[in-house]
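Derivation of every value follows stated rules applied to the coordinates shown; laboratory data play no part. All values reported here derive from a predicted model rather than from experimental measurement. Cβ sites come from the backbone with ideal geometry, for glycine too, and all protein chains shown count toward neighbours.
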Amino acid sequence: MESGLDQLESTDIARITGACVPVAVKEGKDLIVKGEPSVDLYIVTSGSFKVYDDTLGEDFVHAILDKGAVFGEMSFIDGTPRSASVKAIADGSVLRMGRKEFDNLLASNPDTAMLFIFTLARVITRRLRDVNLALRNMTFNEHDRERESVIRDVIAQMEHAVHIELACETGDYLP
């Protein structure tokens, strides 16, 4: 899963990665634990990482992330507790960006900081579209038609909320 940084100019990529803190990670280490507060985001530079939820006692794997992938972006943007856990499944390294690092980037290179936020928005939007597609592709029998309608309504509300959130971030939202 790409971070989207590869679509930016090399100077912007250098500024963004230069604002981050490099972190070496050993296999088995949890970088993110579901439910914990944190606003750090990570960009994978090497290794593999498992995004999972073990709430029901068994790992439900959301994704395996390799070089170039970004994770932790939702809490980075909205400040809410983590929605999933992330564990290293191989030794690797990541670039960590917290609020302090982002604020420094914003102060020194506001245009690059805004490009970075739009890049994160594209990552989140792509992931939301993937979830929407998966929900739409679910098979429903006649007894499930009502649930299908509810799911479609929820998807529409989620898409609307993302558009409002992005508009608020850019200042384009007028209530």
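See the values below:
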{"item": "Percent RCO, i.e. relative contact order, over the chain, from Cα pairs under 8 Å lying at least 6 residues apart", "result": "26 percent"}
{"item": "The chain shape via C-alpha gyration tensor axes, a/c threshold 1.5", "result": "oblate"}
{"item": "Sequence-separation-based contact order of segment 5-102, relative, with Cα cut under 8 Å and 6+ spacing, percent", "result": "43 percent"}
{"item": "Charge sum, other residues only, whose C-beta stays under 10 Å from residue 115's C-beta, Lys/Arg counted +1 and Asp/Glu -1", "result": "-2"}
{"item": "Efficiency of FRET between residue 148 and residue 60 - r from beta-carbon atoms, R0 22 angstrom, step 0.05", "result": "0.50"}
{"item": "Cα gyration tensor shape of segment 1-89, rounded if a/c is under 1.5, else prolate or oblate by comparing a/b with b/c", "result": "prolate"}
{"item": "Degrees separating the helix 99-108 axis from the principal Cα axis of the chain, which is the longest one", "result": "60 degrees"}
{"item": "Mean residue ellipticity (222 nm) of the chain, computed from DSSP H runs ≥ 4 via -39,500 (n - 2.57), nearest 500", "result": "-15000 deg cm²/dmol"}
{"item": "Lys, Arg +1 and Asp, Glu -1 on Cβ, resulting dipole of segment 5-102 about Cα centre, debye, nearest 20", "result": "300 debye"}
{"item": "Charge sum, other residues only, whose C-beta stays under 12 Å from residue 34's C-beta, Lys/Arg counted +1 and Asp/Glu -1", "result": "-3"}
{"item": "Whether segment 47-109 is rounded, prolate or oblate, judged on the alpha carbon gyration tensor where a/c under 1.5 counts as rounded", "result": "oblate"}
{"item": "The chain: angle of helix 10-19 to the longest principal axis, Cα-based, in degrees nearest 10", "result": "90 degrees"}
{"item": "C-alpha long axis of helix 110-136 to longest principal axis of the chain, angle in °", "result": "20 degrees"}
{"item": "11 Å tail of the calculated P(r), segment 30-70, as % of Cα pairs", "result": "69 percent"}
